[in-house]
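Step one of this worksheet: look at the structure below.
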Amino acid sequence: MAFEKNILCIGAGYVGGPTMAVIANKCPQYKVTVADINPRRIAAWNSDNLPIYEPGLDEIVKAVRGRNLFFSTEIEGGIREADIIFVSVNTPTKTFGAGAGMAADLQYWEKTARQIREASQSHKIIVEKSTLPVKTALAMERILTSTANGIHFDILSNPEFLAEGTGIKDLEAPDRVLIGSRETPDGLKARNELIEIYANWVPRERIITSNIWSSELSKLVSNAFLAQRISSINSISSLCEKTEANITEVARAVGMDSRVGSKFLNASIGFGGSCFKKDILNLVYMCRHYALDEVADYWEGVVKVNDYQKERFILNMLGAMFNTLAGKKICLFGFAFKANTGDTRESPAIYVSRRLVEEKAELVITDPRALINAETDLADIKEKIDFIKDPYEAAAGCDAIAVMTEWEVYAALDFEKIYGNMQKPAFIFDGRNILDHSNLFKIGFNVFPVGKPPLTHF
Ligand code: NAD
Ligand code: UGA
């Protein structure tokens, strides 16, 4: 069958894989290829054991792989054949040189731009899917047009707003799809081609357009606003713990104001994930670059409160358990940065694990999906930790349980049974406020939620 369009995505990660699987599923008339430099990742995408866990993803990939969705390491050929190229490579925080610890590391991005330039033999539309600093499209244009081969490229910005764990749902019914372009005839033509792809399943009114710089900036600002809500509620959780106010009650009262809204007001051990921190730091770095120090300080505060929240959790554990954790056995319920994913990037559980080991506690970690990543993240202190899939087995013999991830299965566990097999006094630190605290207290636990008065037997 001849396909109407050839779409290539460079970068087969958490964004590239699911995004292209959904496009292929919704648009059988297009050939969609996802390419990556990592052969192991591509082999996994071509196997029964996909490299990422995302509810609904397996079913879609099984339905379309080999029909109009292909995973490949052949990047050059893919570029030559493509009409539209999405670039979805990683853009982590820079760890070296100028801007280390703050700025986005654009080396993978730039390598891709050069690869596209070298391999292209005809006009292409290049779509920025990765999250990038404002004006990256300009750098891309300059790289792509820096040879005299006469090939024309149009660059679009089309940031991805999916959240892990709900990625497929977010892609199939997005709140909005944002497309930024140059406002030239060529730019607008390219923009319309991308609109046409999304219009196969996204209602037109949800496909919004803007100038290219607004689009690049909107992605960073969206993540900054979301993270800011979490830091706001978490900052108030510390005040609740001092005043006997209850953070769930406060969040409900505040969130019922329709101007504020009720979502993203769950107090927690702190936000994790590969993007919030990196994208805010990227924003902060840009503000400092433009000498907007007050603005930079304001947004940096969101990350600082998040760090404070994680450390506060450790100090609360320490205080509750008689100021020493040395030799005590602590079980972490969950290691993923949120439920319904195996992803552990920037998970607060990494910080908590390291701090607990520093306090000389013995650690047991359980998680339904993230144990392999947990072992990798903690490889240097692995011998001090047990990784056990079954939560009952993991908690047996422990002094305390600390809930790191809001997996639904944890709320449904038989805590009478768990309590029976733990050391006494037994503690629960619910870093996600997902458990039935009064029931746990009745069973005999000393219970420490986030932002609520503790329930203790002494
Ligand atoms: P990821 O690390 O899972 O995937 C990136 C992939 O790009 C890797 O497999 C890597 O091997 C590949 N790659 C790097 N350089 C390459 C090259 N030159 N050629 C071919 N492949 C190359 O990253 P991710 O989580 O998918 O994020 C990608 C981008 O999307 C980032 O900018 C991120 O900020 C943004 N984003 C991520 C999410 C999310 O939920 N993870 C959501 C929205 C936006
Ligand atoms: C986030 C955004 O929600 C996406 O829109 C964006 O596309 C993505 O970042 C990205 O750019 O990578 P994600 O990090 O996958 O998605 O997951 P979120 O649901 O946003 O959760 C982030 C963190 O905040 C998690 O650790 C979560 O547990 C925590 N969180 C979330 C809270 O602590 N409280 C809340 O009320 C909500």
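Just so you know, all these numbers are worked out from the coordinates, no wet-lab data involved. Note that the structure is predicted; figures quoted are calculated from it, not measured. Heads up, the Cβs are rebuilt from the backbone with ideal geometry, glycines too, and the neighbour counts pull from every protein chain shown.
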task: Report the net charge of residues surrounding Lys111, where surrounding means a beta-carbon distance below 14 angstrom and charges are Lys +1, Arg +1, Asp -1, Glu -1.
output: -3
task: With +1 on each Lys and Arg Cβ and -1 on each Asp and Glu Cβ, and nothing else charged, work out how big the dipole of the stretch 211-458 is about its Cα centre, in Debye to the nearest 20.
output: 220
query: Could you work out the helix-only [θ] at 222 nm for the chain, with each DSSP H run of four or more residues adding -39,500 (n - 2.57) and the total divided by the number of residues, to the nearest 500 deg cm²/dmol?
result: -13000 deg cm²/dmol
field: Spacing of the two label points (7 Å from each Cα toward its C-beta) at His289 and Ala43, in nm
entry: 3.8
Ala411-Asp380 pseudo-label distance in nm [points 7 Å out on the Cα-to-Cβ vector]: 3.7
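Using the C-alpha gyration tensor of the stretch 275-419, what are the square roots of 5 times its eigenvalues, in whole angstrom, with the largest one first? Don't skip to the answer; put the middle values down first.
Numbers: eigenvalues 200, 59, 38 Å².
So the three semi-axes of the stretch 275-419 are 32, 17, 14 Å.
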field: Residues whose placed amide H lies under 5 Å from that of Phe71, excluding near-sequence neighbours
entry: Val34
- line: Applied in sequence order to the stretch 384-394, the curve 6.51 cos²θ - 1.76 cosθ + 1.60 (Karplus, θ = phi - 60°) yields integer Hz couplings, x standing for Gly and Pro, of 9, 10, 9, 10, 10, 5, 7, x, 5, 5, 5
- prompt: How much net charge surrounds Gly273 when only the other residues with a Cβ under 12 Å from the Cβ of Gly273 are counted, with Lys and Arg +1 and Asp and Glu -1?
  reply: 0
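Taking the convex hull of the alpha carbon atoms in the chain, what volume per residue do you get, in Å³? Let's see the in-between values first.
Numbers: hull volume 72.6 nm³, N = 458.
Once divided by residue count, the hull of the chain is 158 Å³.
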message: Per residue of the stretch 41-51, what does 6.51 cos²θ - 1.76 cosθ + 1.60 with θ = phi - 60° give for ³J(HN,Hα)? Whole Hz please, x for Gly and Pro, Karplus curve as stated.
response: 5, 5, 4, 5, 4, 8, 10, 7, 10, 4, x
message: Under 5 Å between amide hydrogens, which residues at least 5 positions from Leu156 or on another chain qualify, with H placed 1.01 Å from N in the peptide plane?
response: Ile126, Val127, Glu128
statement: Any residue on another chain or 5+ positions along whose placed amide H is under 5 Å from the amide H of Thr93 is listed here as Asp105
message: Around Ile212, under 11 Å between beta carbons, what's the net of Lys plus Arg minus Asp minus Glu among the other residues?
response: -2
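What is the stretch 188-307 by shape, rounded, prolate or oblate, if you read a ≥ b ≥ c off the alpha carbon gyration tensor as root eigenvalues and call it rounded for a/c under 1.5, prolate for a/b larger than b/c, and oblate otherwise?
Note, shape of the stretch 188-307 comes out oblate.
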- request: Quick one: of Lys31/Lys62; Lys382/Lys424; Lys329/Lys389; Lys31/Lys124; Lys219/Lys278; Lys26/Lys62, which pairs are farther than 19 Å apart, Cα to Cα?
  value: Lys382/Lys424
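Let me have the relative contact order for the chain, percent, based on Cα pairs under 8 Å that are six or more residues apart.
Working: 888 pairs, mean separation 52.3, N = 458.
Result for the chain is 11 percent.
Evaluate the charge dipole of the chain about its Cα centre and quote only its size in Debye, nearest 20, assuming +1 on the Cβ of each Lys and Arg and -1 on the Cβ of each Asp and Glu. Spell out each step's value before the answer.
On the way: 52 positive and 58 negative charges, 62 e Å.
Taking the Cα centre of the chain as origin, the dipole is about 300 debye.
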statement: Between the modelled labels at Thr95 and Asn200 (7 Å from Cα along Cα→Cβ) the distance in nm is 3.7
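Determine Rg/Rh for the stretch 211-458; Rg is computed over alpha-carbon atoms and Rh is the Kirkwood hydrodynamic estimate from the same atoms.
Radius of gyration relative to Kirkwood radius: 0.99.
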Isolated Cys in the chain, by beta carbon distance under 4.7 Å: Cys9, Cys27, Cys240, Cys275, Cys287
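Expected output is a single nm value to one decimal: the length gained when fully extending between Leu188 and Glu393, i.e. 0.36 nm times separation in residues minus the C-alpha distance. What is it? The partial results should precede the final answer.
On the way: separation 205, 0.36 × 205 = 73.80 nm, distance 5.92 nm.
Length gained between Leu188 and Glu393: 67.9 nm.
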statement: Placing one equal point scatterer on each C-alpha of the stretch 49-143 and summing with Debye, one gets log10 I(q)/I(0) at q = 0.16, 0.23 Å⁻¹ equal to -0.85, -1.20
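Determine by what factor the alpha-carbon radius of gyration of the stretch 5-202 differs from 2.2 N^0.38 Å, reporting the quotient.
That ratio works out to 0.98.
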query: Relative contact order (percent) for the stretch 367-433, with alpha-carbon contacts under 8 angstrom and 6 or more residues of separation?
result: 35
